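In what follows, a structure is listed as structure tokens, so that the remarks can point back to it.
The values are calculated or read from the model by the stated rules, or taken from the named source; none is laboratory data. Quick caveat, the model's predicted, so the values are computed rather than measured. Positions of Cβ are generated from backbone atoms using ideal geometry, with glycine treated the same way; all protein chains shown enter the neighbour counts.
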Amino acid sequence: MADDGRRRMEDGGQRADDGGWRADDGGRMTEDGGQRAEGGRRKMESGGWKRERKVKRRKWVGCNPWEFNGERWVSPNDGARKQIQSYRDLDVFNLAYTLAMEVFRLTARFPKEERYALVDQMRRSSRSVCANIVEGFAKRRYEAVFKNSLNDSLGESEETKLWADFALDCDYIQADEHEMLTTGYKQVGAMLWTLMTRWETFS
């Protein structure tokens, strides 16, 4: 009996040792956790850098999305010449669609009281830029109709920039997000103007 007690005590000691080992292992796990936390911070820092410097978008059904490199929006096919067979081949449409999706993403976090106000206005105007391009391209054989549609698109683009100003001043978006949108719509405006002056190319 005494021997059995000693053996149990020894087993208990081993279990205590095992417990200590598990504690050490837990300590290592804690250290690993700390490393993961540091990695998380690095990812957050990296994520913040990407948000400010570069925006990548997945492939969408509606368009071939553009990317923001921190200074301007660029096409994934930048520099490649392509034949224009439909409105989906127009750079201005693809950029406008990308920006409309960006507006949708940003306005999703606006306050509920803005749902039927600024949210609705920004989404409607940003999508109308695309819709007017599509309508104009469909009627491109008629110069006046084509240019009128592109003028309407230009107006919707400028309106969206105004709503972006309101969103910034109301603290709904960050300064870098505002810059990203306004830079994009400036590019859209320039491309629409070029398209209006070269309408014969698409007639």
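So which of Asp120, Asp152 is modelled with pLDDT of 95 or more, surrounded by fewer than 16 Cβ atoms within 10 Å (Cβ to Cβ) and part of a helix (DSSP H, G or I)?
Being modelled with pLDDT of 95 or more, surrounded by fewer than 16 Cβ atoms within 10 Å (Cβ to Cβ) and part of a helix (DSSP H, G or I) holds for just one of Asp120, Asp152, which is Asp120.
Here are some residues: Phe93, Phe104. Which one is buried (at least 20 other Cβ atoms within 10 Å of the Cβ) and under 18 Å from Asn64 (Cα atoms)?
Criteria check complete, one pass: Phe93.
Consider Glu156 carefully, then state whether it is touching a residue at least 40 places away in the same chain (Cβ under 8 Å) and out of contact with any Asp or Glu (no Cβ under 6 Å at 6 or more places or on another chain).
Working: touching a residue at least 40 places away in the same chain (Cβ under 8 Å): no; out of contact with any Asp or Glu (no Cβ under 6 Å at 6 or more places or on another chain): yes.
It is false that Glu156 is touching a residue at least 40 places away in the same chain (Cβ under 8 Å) and out of contact with any Asp or Glu (no Cβ under 6 Å at 6 or more places or on another chain).
When only residues in the range 84-117 that are closer than 17 Å to Ser149 by Cα and either over 19 Å from the mean Cα position of the chain (by Cα) or among the hydroxyl-bearing types (Ser, Thr, Tyr) (or both) count, which is modelled with the highest pLDDT?
Among those that are closer than 17 Å to Ser149 by Cα and either over 19 Å from the mean Cα position of the chain (by Cα) or among the hydroxyl-bearing types (Ser, Thr, Tyr) (or both), it is Tyr97.
Give all pairs with beta carbons closer than 8 Å in which a residue from the range 85-104 that is farther than 15 Å from Gly136 by Cα meets a residue that is of a type in the set (Phe, Trp, Tyr) and part of a helix (DSSP H, G or I); count only pairs at least 6 apart in sequence or on separate chains.
Close Cβ pairs satisfying both conditions: Leu99/Tyr185.
Please state which of the following conditions Thr194 fails to meet, knowing it meets all the rest: (1) modelled with pLDDT of 95 or more; (2) surrounded by fewer than 22 Cβ atoms within 10 Å (Cβ to Cβ); (3) part of a helix (DSSP H, G or I).
Every condition holds for Thr194 apart from (1).
With the checklist (1) in contact (Cβ under 8 Å) with a residue 12 or more places away in the chain; (2) assigned to a helix (DSSP H, G or I) in hand, flag the one item Ala144 doesn't pass.
(1)
Quick one: is Val129 at pLDDT 95 or above and either farther than 25 Å from Pro76 by Cα or not aromatic (Phe, Trp, Tyr) (or both)?
Criteria met by Val129.
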